[in-house]
Amino acid sequence: MKAWTLGEFGPHQEVLQWQEIPAPEPSPGQVRIRVGATGINFPDLLCIEGKYQVKPPLPFTPGMEAMGVVETVGSDCRLLKVGDRVIGSATVGAFAEVMLLDESSSYRIPDAMTDEDAGGFLVTHQTSYFALVHRAQLQPEEVLLVHGGAGGVGTTAIQLGKILGATAIAALAAVGAKWMLGSNVPRHEGMVAGLLGDSMPWLVQPALAASTAFIFGVVYLAVTSRLGVGAPLRQLLGRRPNSPDSL
């Protein structure tokens, strides 16, 4: 099979090689899938550079999640069978033509879901769900301000926040705003706010402001004051004294 592999840690554009390697055989409780689509997440880049909390032994094939069709099942598998269309995640192995998954962390895909949507679904939605439901315990009518709202975790946090009944506000850097809003992005060097067609508030921030927790807090207070709410701030930032809660 063909796979992206690396023999040393470093920048992905320098260390990744598209190579022929032996196809792995599933152990008990594992399935092997023929990969149809895979997500690329920030932890994948950290893993390739040797900066992730888990350092796989070299050489290895990176990639944490993928979708595909089961082509081989190991012993002790009871739920999945050959031909099932599934998504799953593992620490490594997704950037290849085939991938091993534990049956316990693999899930059948609804027929209506495309390969592309399924391939990048699991990691970002799990991250956002854990952050909003388990960590933040987000409640209906609270305000959710999502920093980096154009990214994978950002877009899924917006979706889940609205499903949970919160008012979702997306904070976007200029590049992300252009991708999400197209020609609707205001030509403004500072920080501006507006409304999307579905009445979701959004913010466009210059790059330096987007990296500053203090500016982020100021924007939260300004926007929520105009909306007439004062719900806790919930975001992947450090906790600041005497400030709204953050994740």
In nm, spacing of pseudo-spin labels at F130 and K55 (7 Å Cα→C-beta vector): 2.2
Full-stretch length increase - W18, D117 - with 0.36 nm per residue and alpha-carbon distance subtracted: 33.2 nm
Residue exposure sequence - M67, M1 - by fewest surrounding Cβ within 10 Å: M1, M67
When the convex hull of its Cα atoms is projected in every direction, mean area for the stretch 1-73 (nm²): 5.2
Environment charge at V98 (Cβ cut-off 11 Å; Lys +1, Arg +1, Asp -1, Glu -1): 0
Using a Förster distance of 35 Å, the FRET efficiency for S75-Q137 (Cβ separation, nearest 0.05): 0.30
Euclidean distance between Cα centres, the stretch 60-102 to the stretch 1-22, Å: 19
Relative packing of peptides 74-81, 93-100 - highest average C-beta neighbours within 10 Å first: 93-100, 74-81
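Each value in this text was obtained by applying a stated rule to the coordinates, not by laboratory testing. Model, not experiment: these values are computed from the prediction. Glycine also receives a Cβ, built like all others from the backbone with ideal geometry; neighbour counts cover every protein chain displayed.
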